[in-house]
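Asker: Before anything else, here's the structure in question.
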Amino acid sequence: MTFVEEDDERLSGLSIKPFLKLFKYSLRRWPLLIAIVISLLFLSFNEAFLIPKLQAAAIDSMQTYITGSFPTIWDFVIKNCDFLFFKADLRFGIFMVVLIVSTLVRCATIFSLFYFSSMLELHIMNDLRRDAFINVQQLSFSYFDKTPTGWLIARMQNDTSSISEILGWSTVRLIWTAFELLFIFITMFTTHVFLSLIVLAFSPIIIVLAPIFQYQLLKRSRIARNAYSNYIRWLSECINGTATIKTLSIENKVYDECTEIVEDIKDKRYKVLKIHALFNPTINLVETLSIATILFMGLNIEAVQVGLLKDITPGILILFLNIISTTYMQFADLADLYSEFVSNQASAEKILLLIDEKPALVDTPEVIAKYGDLFNPKPENYEIMKGDIDLKNVCFEYKQDHEILHSINLQIKQGSSVAIVGETGSGKTTTANLLCRFYEPTKGQILIDGRDYKTYSASWIRSNIAYVQQNPFIFAGTIKENIRYGKLDATDEQIIEACKKVHIHDFIMSLDGGYDFYLKDGGNKLSQGQKQLISFARAIIRDPKILILDEATSSIDTQTEKQVQNAINVILKNRTAIIIAHRLSTIVDSDRILLMENGEIVEDGNHVTLMKKKQKYFNLYMSQFKELDIDSQLDVYAKEKQKIRSLKRA
């Protein structure tokens with residue numbers, strides 16, 4: 001078991017275009033954005049300006065309190081309290097009230113900030129997932145042919161979560177950092193210009209070093225993430241292949257592989273941790289140098305008494321010592337945010353690709369105006385389908401210049417049954433998919449009831465078709481719910497009647513809860529035949545005009561096949577049926593049998609006619625019953641037909 005590390009998205013410069021396109025999801029919740037901005041404005045003003053200024057004023061006024069004589073502390077006046085637009089002298093009691101109110105406001109704004117930010121992120125994630133899922137529902141089958149399921153799940157689960165965090169909390173952090181820096185600069189330059197310039201003199205070091213560290217950290221983290229992803233895939237293969245590993249007795253080899261992979265992950269994670277461990281000490285070193293410079297300037301008596309430093313007071317000095325760490329931390333946060341946006345840029349581009357993907361198959365505006373679309377149908381305008389089908393010179397290709405069907409001409413009358421047989425890859429299922437309008441012909445026309453089926457909506461066509469596949473899909477839910485998917489407004493009585501017709505009612509009643517028995521994991525507690533019978537009940541309750549059976553009995557045992565065949569005979573009554581089969585014994589009673597080869601119909605007729613021709617159908621049929629000659633085959637056919645007619649009369 002060898003895994004090659006897949007390259008993750010290459011690191012590149014930040015492009016804001018995908019984020020600007022996705023920012024519409026934030027703008028949808030503009031009241032939350034306004035509340036967040038107001039909260040950030042109050043919080044940043046309080047933390048970066050008001051509190052530091054009030055503290056500096058209090059410290060500078062302490063000498064007056066110590067040397068002066070005040071009857072009580074409440075008579076003590078704190079001078080030059082700066083409120084940005086004005087200054088005031090405050091008695092100690094009023095000063096304490098201002099501090100308490102500012103603290104309460106800070107607590108309220110922090111609560112509102114985190115509450116509104118969480119709500120914004122949650123709404124963005126829900127909107128992204130809803131829009132992505134709606135678009136996926138509208139995409140054509142051709143999209144799923146070329147797109148892995150895992151890729152879609154990763155986009156709709158992981159990327160929507162990452163992008164909602166970027167558009168939510170990361171954007172809030174960006175605005176918060178900008179407000180903090182704005183008020184820090186206002187605080188510094190309105191306090192002491194020269195000390196402000198000293199602080200900013202060290203800032204370029206942070207501005208240069210932080211992105212370098214973040215880039216290396218991001219690069220190493222992606223390498224480690226790739227290694228971990230490979231480990232998950234390897235682990236999944238080992239668990240799924242446990243029986244094979246034990247049968248081959250290769251536990252030692254698998255253990256050695258495990259040791260090698262785990263050690264590789266450890267080494268790559270160590271490199272990430274090493275860079276991360278170096279980052280904070282580097283920032284602290286720059287902070288220390290800046291603090292040392294400020295202290296040297298502030299405590300140098302001779303320098304303080306003259307020149308640019310003559311206005312320094314103890315309050316101003318402490319203010320700058322406290323503000324240095326905050327200033328440099330904001331620059332580090334900006335570098336961190338830059339890395340977050342760069343690392344999620346690929347996710348933003350991929351989720352946009354999914355949301356903006358256009359379906360290859362679309363109804364015309366005229367058809368939508370009459371019949372509605374996939375999510376807003378107008379069933380009151382639906383005509384009653386008869387079931388006549390006409391294929392005229394139909395050609396189809398999945399890939400350009402690789403034609404699968406070649407000039408198919410076929411007329412199927414209402415209520416008749418047509419079986420399509422042939423080798424794998426001959427075009428049987430493709431023909432059925434075209435009839436369901438999962439794809440459209442690249443050339444030619446398909447007519448239903450004499451009209452080009454493109455003049456009907458895809459919803460109208462599929463509402464009149466039931467498609468029973470070789471491996472029926474069972475949804476998580478009760479048996480009743482699974483059958484009701486065939487007709488969402490079906491009553492319980494209709495569900496029970498449908499199950500009786502396909503001979504699954506007695507089995508369902510033997511289960512704990514009967515029709516309310518809960519199925520999960522694809523109905524793993526049911527046999528393949530039981531799943532198939534449930535899918536037949538789902539088809540019959542739909543009351544379709546056209547029924548397509550695609551290898552409906554190919555993966556079940558002979559005994560179960562008899563039950564399924566009985567169900568088929570019931571649901572074929574008065575319906576146009578297309579039956580795709582490998583077991584030719586199951587289609588001998590069809591009105592017509594088409595043998596397809598390399599995308600063309602090479603033989604057409606009923607079972608007796610084709611057997612008497614002794615051509616390709618004859619050879620194909622006889623290869624499944626080598627021990628019987630043609631006369632014996634016809635005798636078996638007559639008996640089978642008589643048995644089927646007896647079942648129908650019953």
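Asker: 5 Å is the cut-off here: which amide hydrogens, built 1.01 Å from N in the peptide plane, fall below it relative to Ile78, excluding neighbours closer than 5 in sequence?
Answerer: Leu90, Arg91, Phe92
Asker: Can you run phi through the Karplus equation (6.51, -1.76, 1.60; θ = phi - 60°) for region 395-401 and list ³J(HN,Hα) in whole Hz, with x for Gly and Pro?
Answerer: After applying 6.51 cos²θ - 1.76 cosθ + 1.60, I find 10, 8, 9, 6, 10, 4, 6 Hz.
Asker: Can you list the residues of region 363-395 with backbone N under 20 Å from a point 7 Å past the Cα of Thr442, pointing along Cα to Cβ?
Answerer: 391-395
Asker: Non-local amide H neighbours of Ile578 (under 5 Å, H modeled in plane, Pro and chain starts lacking H): which ones?
Answerer: Val418, Leu547, Ile548, Leu549
Asker: Another one. Please enumerate, by chain and number, the aspartates and glutamates with C-alpha under 17 Å from the C-alpha of Lys358, excluding those fewer than 8 residues away in the same chain.
Answerer: Partners within reach: Asp131, Asp145, Glu349, Asp373, Glu440.
Asker: What does the accessible area of Tyr338 come to, in Å² to the nearest 10, when a probe of 1.4 Å is used?
Answerer: Result for Tyr338: roughly 110 Å² accessible.
Asker: In the chain, what % of DSSP beta bridges are antiparallel (nearest 5)?
Answerer: Values: 26 of 44 bridges.
So the antiparallel bridges amount to about 60 percent of the total.
Asker: Still on this structure, please answer the following. Calculate, for Val37 and Gln469, the FRET efficiency according to 1/(1 + (r/R0)^6) with r their C-beta to C-beta distance and R0 45 Å; round to the nearest 0.05.
Answerer: On the way: r = 53 Å, r/R0 = 1.18.
According to the calculation, E is roughly 0.25.
Asker: If you take the charge dipole of the chain about its Cα centre, with +1 on Lys and Arg Cβ and -1 on Asp and Glu Cβ, which of Leu295, Gly422, Ile124 is farthest toward its positive end?
Answerer: Gly422
Asker: I want to verify the translational diffusion coefficient of region 215-278 in µm²/s; compute it with Stokes-Einstein, Rh as the Kirkwood radius over Cα pairs, at 4 °C and 1.567 mPa s. Before the final figure, lay out the partial values.
Answerer: Working: Rh = 13.0 Å.
So the translational diffusion coefficient is about 100 µm²/s.
Asker: Hey, what do the phi angles of region 187-197 turn into as Karplus ³J(HN,Hα) couplings, whole Hz, using 6.51/-1.76/1.60 and θ = phi - 60°, x for Gly and Pro?
Answerer: 4, 5, 6, 7, 9, 7, 5, 5, 5, 5, 5
Asker: Please report, as a whole percent, how much of the solvent-accessible surface of the chain comes from carbon and sulfur atoms (probe radius 1.4 Å). Don't skip to the answer; put the middle values down first.
Answerer: Working: 19990 of 34370 Å².
Using a 1.4 Å probe with all protein chains present, the chain comes out at 58 percent carbon and sulfur.
Asker: Hey, what do the phi angles of region 232-248 turn into as Karplus ³J(HN,Hα) couplings, whole Hz, using 6.51/-1.76/1.60 and θ = phi - 60°, x for Gly and Pro?
Answerer: So the J values, rounded to whole Hz, are 4, 5, 4, 5, 4, 5, 5, 5, 5, x, 4, 4, 5, 4, 5, 5, 7.
Asker: So, with +1 on the Cβ of K and R and -1 on the Cβ of D and E, and no other charges, what is the size of the charge dipole of the chain about its Cα centre, to the nearest 20 debye? Spell out each step's value before the answer.
Answerer: On the way: 70 positive and 73 negative charges, 263 e Å.
Roughly 1260 debye for the chain.
Asker: Let me ask something else about it. Based on DSSP H runs of at least 4 residues, each adding -39500 (n - 2.57), what is the mean residue ellipticity at 222 nm of the chain after dividing by all its residues, to the nearest 500 deg cm²/dmol? Write down the numbers at each step before the final one.
Answerer: Working: 26 runs with 385 residues, N = 650.
Here the helix-only value at 222 nm equals -19500 deg cm²/dmol.
Asker: Take the alpha carbon gyration tensor of region 368-500, find the square roots of its eigenvalues, order them as a ≥ b ≥ c, and report rounded if a/c is under 1.5; if not, report prolate when a/b exceeds b/c, else oblate.
Answerer: Numbers: a/c = 1.89, a/b = 1.44, b/c = 1.32.
It comes out prolate by the Cα gyration axes.
Asker: Ok, one more. Leaving out ligands and nucleic acids, and using a 1.4 Å probe, what accessible area per residue does the chain come to in Å²? Walk me through the numbers on the way to the answer.
Answerer: Details: 34370 Å² over 650 residues.
Ligands and nucleic acids excluded, the result is 53 Å² per residue.
Asker: Lys and Arg at +1, Asp and Glu at -1: add these up for the other residues within a Cβ distance under 10 Å of Lys386 and post the number.
Answerer: Numbers: positive: Lys413, Lys545; negative: Glu383, Asp388, Asp449.
Charge balance near Lys386 sits at -1.
Asker: For Ile51, Ile206, what's the largest-to-smallest order of accessible area, 1.4 Å probe?
Answerer: Sorted by accessible area, descending: Ile51, Ile206.
Asker: Note down the Stokes-Einstein diffusion coefficient of region 423-566 in µm²/s, whole number, using a Kirkwood radius over alpha carbon pairs, 20 °C, and 1.002 mPa s. Don't jump to the answer; show the numbers that get you there.
Answerer: Values: Rh = 16.3 Å.
D, rounded to a whole number, is 131 µm²/s.
Asker: Set Lys and Arg Cβ to +1 and Asp and Glu Cβ to -1, take the dipole of the chain about its Cα centre, and tell me which of Ser170, Val101, Asn569 lies farthest positive.
Answerer: Farthest towards the positive end: Asn569.
Asker: Determine the dipole magnitude for region 322-412: charges of +1 sit on the beta-carbon of Lys and Arg, -1 on that of Asp and Glu, nothing else is charged, the reference point is the Cα centre, and the result goes in debye to the nearest 20. Please list the in-between numbers first.
Answerer: On the way: 7 positive and 16 negative charges, 28 e Å.
Magnitude of the dipole: close to 140 debye.
Asker: Around Glu397, which amide H atoms from residues at least 5 apart in sequence, or from another chain, sit under 5 Å from its own amide H, with H modelled in the peptide plane?
Answerer: Under 5 Å from the amide H of Glu397: Ile404, Thr442.
Asker: Counting Lys and Arg as +1 and Asp and Glu as -1, each charge on the Cβ, what is the dipole of region 385-532 about the Cα centre in debye, to the nearest 20?
Answerer: Values: 18 positive and 18 negative charges, 40 e Å.
So the magnitude is around 200 debye.
Asker: Can I ask one more? Please report the orientation-averaged projected area of the chain, defined via the convex hull of its C-alpha atoms, in nm².
Answerer: On the way: hull surface 174.1 nm².
Here the figure is 43.5 nm², rounded to one decimal.
Asker: Something else about it: If I stretch the segment between Cys395 and Tyr518 completely, what's the gain in nm (0.36 nm per residue apart, minus their alpha carbon distance), one decimal?
Answerer: Values: separation 123, 0.36 × 123 = 44.28 nm, distance 4.38 nm.
So the chain would gain 39.9 nm between Cys395 and Tyr518.
The values are calculated or read from the model by the stated rules, or taken from the named source; none is laboratory data. Treat the numbers as computed from the prediction; the structure is a model and nothing was measured. Note: ideal-geometry Cβ built from the backbone for every residue, glycine included; neighbour counts use all protein chains shown. Side chains are part of the model used for accessible areas, which takes the heavy atoms of the whole protein and leaves out ligands, DNA and RNA. Shrake-Rupley method; radii C 1.70, N 1.55, O 1.52, S 1.80 Å.
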